[in-house]
1. Quick check on segment 342-373: of everything there that is out of contact with any Pro (no Cβ under 9 Å at 6 or more places or on another chain) and crowded, with 16+ Cβ neighbours inside 10 Å, which residue is modelled with the lowest pLDDT?
2. Could you list all residues from segment 438-479 that are farther than 19 Å from GLU506 by Cβ and in contact (Cβ under 8 Å) with a residue 60 or more places away in the chain?
3. Could we say that GLU325 is among the acidic types (Asp, Glu), modelled with pLDDT under 90 and within 19 Å of the chain's Cα centre (by Cα) here?
4. Which one of LEU279, LEU301, LEU287, LEU275 is closer than 29 Å to SER503 by Cβ, free of Cβ contacts under 8 Å to residues at least 60 places away in the same chain, surrounded by fewer than 20 Cβ atoms within 10 Å (Cβ to Cβ) and not assigned by TED's automatic domain parsing to the domain that holds GLN504?
5. Is there a residue being surrounded by fewer than 15 Cβ atoms within 10 Å (Cβ to Cβ) and in a helix (DSSP H, G or I) anywhere in segment 60-79?
6. Could you please find all residues in segment 99-112 being under 18 Å from VAL173 (Cα atoms) and free of Cβ contacts under 8 Å to residues at least 40 places away in the same chain?
7. For residues that are in contact with a Phe, Trp or Tyr (Cβ under 8 Å, 6 or more places away or on another chain) and under 13 Å from LEU472 (Cβ atoms), scanning just segment 424-455, find the one that is surrounded by the fewest Cβ atoms within 10 Å (Cβ to Cβ).
8. Right, VAL502: touching a Pro at 6+ places or on another chain (Cβ under 9 Å) and either buried (at least 20 other Cβ atoms within 10 Å of the Cβ) or among the aromatic types (Phe, Trp, Tyr) (or both) or not?
Amino acid sequence: MNGATDQEQIDEGAAPSLHLPSWLTQVIELDPDANALHFEDTWRTWGWLGAGVRALHERLDAAGFGEGSMVGVLMRNRPEIVRAITGALATGRCLVTLSSAIPADKLADEIRRLRLPVIVATASDWANESILEAARDAGSLALLADESDVPFAIVVAAGERGDAPTIAPGVAVQMLTSGTTGPPKRIDLLYRSLEHEIVSTASYSRNSDLSAPRLSSGVSLVWNPLLHMGGLRALTSSLVAGRSVALMERFNVDQWAKNVREHRLRVVGLVPTALAMVLAADLPRDLFEHVQAVFAGTSPLDPELGRAFEEKYGVPVLEVYGATEFAGGVAGWTLSDRRQFGDTKTGSVGRPNQGVEVRVVDAETGEPVPNGSVGLLEVRAPQLAQSGWTRTTDLAHMDDDQFIWITGRADDVIIRGGFKVATGEVGKVLAGHPSVLEACVIGLPDQRLGQVPVAAVQLRDDAEPITSEALLIWAREKLSGYQVPVELRIVAELPRTPSMKVSQVEVRNLFVV
């Protein structure tokens, strides 16, 4: 995400340096009695958080796992896991994210494959014998994350790990991608990358002062899964800013609304799916009396959805764009840009963040294309692990004011009998039917044509009954023949990843027997 977390963009200025471990340590020690983390109607203090950081550090040091040591954490949106995450980052170790969203047997296989020196998980996770046995087989030191005064008790002592790596120097997080289009990949995010990104995006907020560690007023609401970049980045940036965090275990409209009202939030983040859920819930307009902006990211935002939300609640919806590989943010809207350009840039994901350069290039030649022309988006920024330009799979175009439009993904294009089919565009057409809430179109292999499109469709709750055949007849009136899906299935709900993106992997499984 863009990382703009407060009122408005300020002028660009000299970015202060930031060493994440020492900065977090200093913030935590400023006022131990002040509130730091709110979860299920109870506050935890900065002192509570600091006690966890120290306990983890002492436990790992005693076991010989010092700076740079790889610490696997079974990621859940819970306070005890926040202590584990903070403990790893505040002591310069490498946080290795483990997914709580996959079946226990698959998680056990992952634990055996990684053979991590340390694994931290909650009591409910260690109660699963397959996970516990996997930690024993991997030779991992298994620690219990809890909310006690003496956390991180040993569940399983460290065993034999052979030549498995113990440290990942300079790596802050070995992060799993969301796995929207395929199996999740693991990406190394360097400390220097996170530090650059945090400093860069903090300069967009007049209330984010990183000249020295300090505690800030206000509360950040974090409901995105900490397993993925959006949630982890929101948590980390809030802790760096010394801002209290209200944590939700998962997204729920009523609980979300309660947090917005109770904490008088000024800025909130909603992925497009959650934005639609809030809109459909018909919440009272006065809930948003203190909210100055809603940031929408992780997946493309339908401009009509954003416009409907703004009209109903009177709050600007600002789209942002980023990816795990970029440690979070690439581009986004700010309130000052919105005031200046209004609705003249509808559909844009905003302008590049401070210090980030973008360009659009021809997919074949790699040469930059003129503004207004569609090509592949490339990014160059200090937070990237590699120097030079990094090519994304996103198709985009840019205007003379540096606003970016994402028009699709290069890997969403399939070849059907020699014809190119942009599955994302077909999905947009299907979603234009009055009865359709959302559609996902993917390509399946075909012996004769190479690939063919198929579609899964979720209907609106208030939709008139309609059949798959009727939807396909309607689609044939809107699409060229080669674009029309060979099969369309209406599902009660589209399968989603923990970050609420539609899971193309699970959609594919609907059609593959």
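The values are calculated or read from the model by the stated rules, or taken from the named source; none is laboratory data. Small disclaimer: the values here were computed from a predicted structure and weren't measured. When we count neighbours, we look across all protein chains shown, and the Cβ atoms used for this are built from the backbone with ideal geometry, even at glycine.
1. Of everything passing the filter in segment 342-373, GLN354 is modelled with the lowest pLDDT.
2. ASP461
3. Details: among the acidic types (Asp, Glu): yes; modelled with pLDDT under 90: yes; within 19 Å of the chain's Cα centre (by Cα): yes.
So GLU325 passes the test.
4. Details: LEU301 fails: surrounded by fewer than 20 Cβ atoms within 10 Å (Cβ to Cβ); LEU287 fails: closer than 29 Å to SER503 by Cβ; LEU275 fails: surrounded by fewer than 20 Cβ atoms within 10 Å (Cβ to Cβ).
Testing whether each residue is closer than 29 Å to SER503 by Cβ, free of Cβ contacts under 8 Å to residues at least 60 places away in the same chain, surrounded by fewer than 20 Cβ atoms within 10 Å (Cβ to Cβ) and not assigned by TED's automatic domain parsing to the domain that holds GLN504 leaves just LEU279.
5. Looking through segment 60-79, at least one residue is surrounded by fewer than 15 Cβ atoms within 10 Å (Cβ to Cβ) and in a helix (DSSP H, G or I).
6. Keep residues of segment 99-112 that are under 18 Å from VAL173 (Cα atoms), which gives 99-100, 110-111.
Those that are under 18 Å from VAL173 (Cα atoms) and free of Cβ contacts under 8 Å to residues at least 40 places away in the same chain: GLU110, ILE111.
7. The residue in question is HIS433.
8. Details: touching a Pro at 6+ places or on another chain (Cβ under 9 Å): yes; either buried (at least 20 other Cβ atoms within 10 Å of the Cβ) or among the aromatic types (Phe, Trp, Tyr) (or both): yes.
Against the criterion (touching a Pro at 6+ places or on another chain (Cβ under 9 Å) and either buried (at least 20 other Cβ atoms within 10 Å of the Cβ) or among the aromatic types (Phe, Trp, Tyr) (or both)), VAL502 qualifies.
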